[in-house]
Amino acid sequence: MGLLEEIKKKTEDEYKNINKVVLAFSGGLDTTIIASLLLELDKEVITCTLDLGQKGKLKDIEEKSKNLGIKKHYFIDAKKEFVKEYIWPGVRANAIYEGSYPLFTAFGRPLIAKKLVEIGKKENAQAVCHGSTGKGNDQIRIDAGVSALSSMKVIAPIRDWGLTRDAEIEYALEQKLNVKVTKDKPYSIDENLWGRSIEAGPIENPEQVVPEDAYEWTKPIEQTPSQPEIIEIFFENGVPKEIEIKGNTYKDEIEMIKGISAIAGAHGVGRIEHMEDRIVGFKSREVYEAPAALVVLSAHKDLEKYILTKDELFHKVYLDNVYSTLVYEGKWYSPLRIALDKFNHEVESNVTGSVKMKLYKANASVVSRKSKNTLYDFNIATYNKGSSFNQKEGGAFTKIWLMQYSTAYKMKYLKPNK
Ligand code: ARG
């Protein structure tokens with residue numbers, strides 16, 4: 001029995017009530033196969049492609065959809081919305097999963113879900129469809145978004161049909177589908193403005209060094225300039241407002257991210273090696289390139305330290321971790337995530353100022369910061385003459401502040417004959 005016959009038998013029942021379906025379409029192997037098979041099953045397929053800042057010719061995808069025989073395709077430029085509603089709240093929350101992953105894919109999925117639902121409703125579709133497998137995090141993030149925002153069915157044929165890559169390639173060749181499958185670059189890539197992830201092929205072996213050809217946004221340290229570059233990032237209410245690179249000022253959020261990404265990547269900043277705990281329970285070796293995210297997040301953290309109180313900083317470490325885990329685990333559409341965004345909005349309302357970052361030999365380090373809202377007071381902190389801090393008061397303060405602890409230590413550890 002051919003693949004098509006097998007699938008028809010398997011899914012006749014399961015997909016019976018679906019006539020019209022909106023498919024998140026990248027033009028790659030998985031979604032091309034899905035589109036073709038759904039058409040064979042007599043479903044009306046509408047394809048949709050979102051621009052989240054990934055490289056490549058997105059307009060060509062529309063052509064691919066047409067060539068498959070699909071009558072309607074949506075192309076949505078969602079870059080601005082992605083930055084304003086997802087990336088920037090992530091910056092306020094210092095969003096990093098397990099100390100390493102700046103969550104760019106995880107931020108993109110709830111937005112894809114939202115757009116699929118919008119089109120699905122407009123087109124009166126019974127289902128939305130995506131190309132995720134049953135092993136990854138993305139299926140959860142998209143399914144979670146669609147089910148929070150609608151009562152539409154979500155189908156994920158690769159997962160539902162248990163398709164293997166070999167079977168897909170065989171089918172693609174048989175049907176003469178226009179997809180590129182190359183053996184020389186075995187990677188699976190997902191990218192957007194905030195970062196690029198590289199999976200599969202040699203990367204799946206954690207003992208193997210990542211081949212240089214896996215990287216596209218960052219230079220190997222050996223090829224970086226011998227002179228450092230200093231850039232300045234101006235923040236307003238906890239998010240970048242303007243940046244200065246080599247005397248040029250960028251104000252548009254997309255240009256800012258692209259600008260930082262290019263210069264930091266050229267200095268080898270942004271490579272991430274990470275053993276990650278997936279939502280589905282297993283560990284995976286992940287390789288990322290996220291130059292802009294790393295630079296902006298370090299600058300932001302530094303500015304927070306200059307402005308926020310000790311208590312805000314202390315509790316924010318924990319809450320930022322909660323936020324990052326929610327985003328990772330596909331809980332974007334959850335009351336706690338929304339509440340934490342409101343909390344961060346308030347906490348960050350005075351995180352305004354600028355940070356200078358030095359980019360050099362795969363490092364991005366803070367070199368200075370400036371803010372009118374800082375709690376740092378030179379006159380208090382200085383060891384020089386003329387400090388307004390009255391040192392004499394230090395003695396009494398110390399005695400009272402330590403009272404409980406010195407008593408406790410004595411009682412517990414210095415008791416005679418014990
Ligand atoms: N491990 C990352 C995450 O879970 C990246 C996933 C990349 N997704 C993909 N379909 N290639 O967010």
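Where a number appears in this text, it was derived from the coordinates with a stated rule and is not lab data. Bear in mind that the values here come from a model prediction, so they are computed numbers and not experimental data. Cβ placement follows ideal geometry from the backbone for every residue including glycine, while neighbour counts extend to all protein chains displayed.
So here's what we get for this one:
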{"quantity": "Inter-label distance for D341 and N178, nm, one decimal - labels placed 7 Å from Cα along Cα-to-Cβ", "calculated": "3.8"}
{"quantity": "Convex hull (Cα only) mean projected area of the range 285-418, reported in nm² to one decimal", "calculated": "15.7"}
{"quantity": "Furthest towards positive pole of dipole, I76, Y405, I230, structure part the chain, Cβ charges", "calculated": "Y405"}
{"quantity": "Mean Cβ count within 10 Å, highest first, over the residues of peptides 327-336, 139-148, 206-215, 397-406", "calculated": "139-148, 327-336, 206-215, 397-406"}
{"quantity": "Extension gain (nm, one decimal) between S147 and L39, 0.36 nm per residue minus Cα-Cα", "calculated": "36.4 nm"}
{"quantity": "Relative contact order of the range 247-374, pairs being alpha-carbon contacts under 8 Å that are 6 or more residues apart, as %", "calculated": "27"}
{"quantity": "Proximal lysines to K72, defined as alpha-carbon separation beneath 16 angstrom and excluding residues fewer than eight positions away on the same chain", "calculated": "K20, K43, K59, K64, K115, K121, K122"}
{"quantity": "Calculated FRET efficiency for the pair S100/S387, C-beta based, R₀ 45 Å, to 0.05", "calculated": "0.65"}
{"quantity": "K305-A167 pseudo-label distance in nm [points 7 Å out on the Cα-to-Cβ vector]", "calculated": "5.3"}
{"quantity": "The chain: radius of gyration over Cα atoms, expressed as a fraction of 2.2 N^0.38 Å", "calculated": "1.19"}
{"quantity": "Amide proton proximity set for Y74, modelled H, under 5 Å, gap of 5+", "calculated": "T47, C48, T49"}
{"quantity": "Hydrodynamic radius by Kirkwood, which averages 1/r over all alpha carbon pairs of the range 266-335, in angstrom", "calculated": "14.5"}
{"quantity": "Total charge dipole magnitude, the range 281-329, about the Cα centre, Cβ charges on Lys, Arg, Asp, Glu only, Debye to nearest 20", "calculated": "140"}
{"quantity": "DSSP-defined antiparallel bridges as percent of all bridges, the range 43-180, nearest 5", "calculated": "10"}
{"quantity": "Peptide ranges 56-64, 95-103 listed from the most packed, as the mean C-beta count within 10 angstrom indicates", "calculated": "95-103, 56-64"}
{"quantity": "Per-selection metrics, the range 180-264 (Cα): Rg and Dmax in Å", "calculated": "16.7, 47"}
{"quantity": "For the range 1-62, Kirkwood radius (reciprocal of mean inverse C-alpha pair distance, Å)", "calculated": "12.9"}
{"quantity": "Distance between modelled label sites at K361 and D51, nm, 7 Å Cα→Cβ extension", "calculated": "4.0"}
{"quantity": "The chain - charge dipole about Cα centre, Lys and Arg +1 at Cβ, Asp and Glu -1, debye rounded to 20", "calculated": "1620"}
{"quantity": "Cα gyration tensor, the range 302-379 - rounded (a/c under 1.5), prolate or oblate", "calculated": "oblate"}
{"quantity": "Largest-first ellipsoid semi-axes for the range 239-363, taking √(5λ) over the Cα gyration tensor eigenvalues, angstrom", "calculated": "26, 22, 14"}
{"quantity": "The chain, relative contact order [Cα under 8 Å, separation at least 6], %", "calculated": "17"}
{"quantity": "Antiparallel content of DSSP bridges confined to the chain, in %, to 5", "calculated": "70"}
{"quantity": "Karplus (6.51, -1.76, 1.60) ³J(HN,Hα), θ = phi - 60°, over the range 239-249, in Hz, Gly and Pro reported as x", "calculated": "10, x, 10, 6, 9, 10, 10, 6, x, 9, 9"}
{"quantity": "Residue-wise HN-Hα coupling along the range 28-38, computed from phi with Karplus coefficients 6.51, -1.76, 1.60 (Hz; x: Gly, Pro)", "calculated": "x, 4, 4, 6, 5, 4, 4, 4, 5, 5, 5"}
